[in-house]
Amino acid sequence: MVRSERTTRRFYGSPVALYDAVADLAVEIDSYELERREHVISPEFTRVTTVVHLHGAGEEGVGEDVTYTPTNHPPPDDLPLAGSFTLDSYSQLLDALTMFTEPPEMEAWHDYRRWAFESAALDLGLRQAARSLVDAVDREPRPVTFVTSRRLADPPSADEIRRWLGAYPNLRFKLDPTSDWTDELVADLAATGAIDSVDLKGQYEGTSVDQPPDPALYRRVLDAFSDAWVEDPRVTEETRPILEPHAARITWDAPIHSVADIESRPWPPRTINIKPSRFGAVRRLFDAYDYCAEHEISPYGGGQWELGPGRGQIQYLASLFHPDTPNDVAPGGYNAREPQPGLPESPLAPDLAATGFRWAG
């Protein structure tokens, strides 16, 4: 097989790149199937994803396409994927394929779909080899610390957070501040002592969660949550002076699709949100893990409202590479507006399948 050139990066003191542990993994693909998943989140938002099932040599590999626009689902059902590959040569094949029948609403969707097909191939190749990702990368899984991410209801109130804390006193939160947050609300939320991070949503454009850069909001939030991570601010002439004194706790999510994106941040990050779907290719994701290890950056994981195996896969990666950080990978039950009894609590015990790249549960 023809192999692309790869930049070797040191991984936790080793001269071998993490990606080299899986690049030559044999993958035999006979066919694939697409399974639509759908869940009504609110009257305005129905979450649609597509589970990719790759079949070959009597095994199945799964991945999840977390593209947000329902009309962009499903992926094409006639991609020329059948054949014998290494994981790396399969990834090169995907480079040459058009994976949308019509241009996606957002450019990032290309990576989201790519991740579904790459993660499914990684799962399939490992299962065909009767190995697990734990074995392939020689990492010990550990319980996963997680937070639950939420945007407060309209009108926003700290009561929602207090109800969750009443049910789960040790729960930690990642919140999305908006311009209608008052000084009183911010003080109420800060008084809970349960806020680990705030997502300013300043790096989004053309989405339902856009939050314009608001200097007053930034100042209010940064002062009140003095120990929290501050994710995705918009750096402007007005906001830079407010953000600069807090540069050590500023982190990034939406712009991060590659190592180059980490390197281009306005301040060297101490932590970064690594969402596998944003990277698209296993190689780019694993290069990012290597880069973070080299530069003493402590990554944390993030989710995309997965409805299928994709959620377990990001929890799997968190258990191997960043189990002790504020991972936004809470089990799906935490997406509910009101607390439900019996949800798994943080830290989440690893529940890994004996082979492949998937959560067993």
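The values are calculated or read from the model by the stated rules, or taken from the named source; none is laboratory data. Small disclaimer: the values here were computed from a predicted structure and weren't measured. Using ideal geometry, Cβ is built from the backbone for each residue, glycine included, and neighbour counts are taken over all protein chains shown.
Observations on the structure shown:
- Enumeration of residues in segment 177-198 that are closer than 16 Å to Asp227 by Cα and not aliphatic (A, V, I, L, M): Pro177, Asp188, Thr192, Gly193, Asp196, Ser197
- Listed by first and then second residue, the pairs linking a residue in segment 295-324 that is at pLDDT 95 or above to a residue that is in a helix (DSSP H, G or I) and of a type in the set (A, V, I, L, M, F, W, C), with Cβ atoms under 6 Å apart and 6 or more places separating them unless they lie on different chains, are Pro299/Cys292; Gly301/Ile314; Gly301/Ala318.
- Checking Leu189, Leu126 one by one, the residue that is over 25 Å from Arg311 (Cβ atoms) and touching a strand residue (DSSP E or B) at 6+ places or on another chain (Cβ under 7 Å) is Leu189 and no other.
- Checking each residue in segment 42-73 for being of a type outside the set (A, V, I, L, M), part of a strand (DSSP E or B) and under 19 Å from Glu105 (Cα atoms) picks out Phe45, Thr46, Arg47, Thr49, Thr50, Glu64, Asp65.
- Top-ranked residue in segment 250-261 [being within 22 Å of Asp176 (Cα to Cα) and touching a helix residue (DSSP H, G or I) at 6+ places or on another chain (Cβ under 9 Å); ranked as surrounded by the most Cβ atoms within 10 Å (Cβ to Cβ)]: Ile256
- If the condition is being under 13 Å from the mean Cα position of the chain (by Cα), of a type in the set (S, T, N, Q) and outside any helix (DSSP H, G or I), then segment 314-361 contributes only Asn327.
- Residue match in segment 223-243 (condition: among the hydroxyl-bearing types (Ser, Thr, Tyr), surrounded by fewer than 21 Cβ atoms within 10 Å (Cβ to Cβ), closer than 20 Å to Pro177 by Cβ and touching a residue at least 12 places away in the same chain (Cβ under 8 Å)): yes
- Condition met for His39 (out of contact with any Lys or Arg (no Cβ under 8 Å at 6 or more places or on another chain) and assigned to a strand (DSSP E or B)): no
- Counting residues in segment 208-221 that are surrounded by fewer than 18 Cβ atoms within 10 Å (Cβ to Cβ), of a type in the set (Ser, Thr, Tyr) and touching a residue at least 40 places away in the same chain (Cβ under 8 Å) gives one or more.
- Check on Phe117, in the same structural domain as Arg311 (by the TED database), of a type outside the set (S, T, N, Q) and either within 27 Å of Leu352 (Cβ to Cβ) or in contact (Cβ under 8 Å) with a residue 40 or more places away in the chain (or both): no
- Note on segment 141-163: residues that are of a type in the set (A, V, I, L, M) and closer than 30 Å to Pro350 by Cα amount to 4.
Here is a yes/no grid of residues against (1) under 24 Å from Ala167 (Cβ atoms); (2) among the aromatic types (Phe, Trp, Tyr):
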residue: Ala281; (1), (2): no, no
residue: Ile297; (1), (2): no, no
residue: Gly302; (1), (2): yes, no
residue: Gly308; (1), (2): no, no
residue: Asp328; (1), (2): yes, no
residue: Tyr334; (1), (2): yes, yes
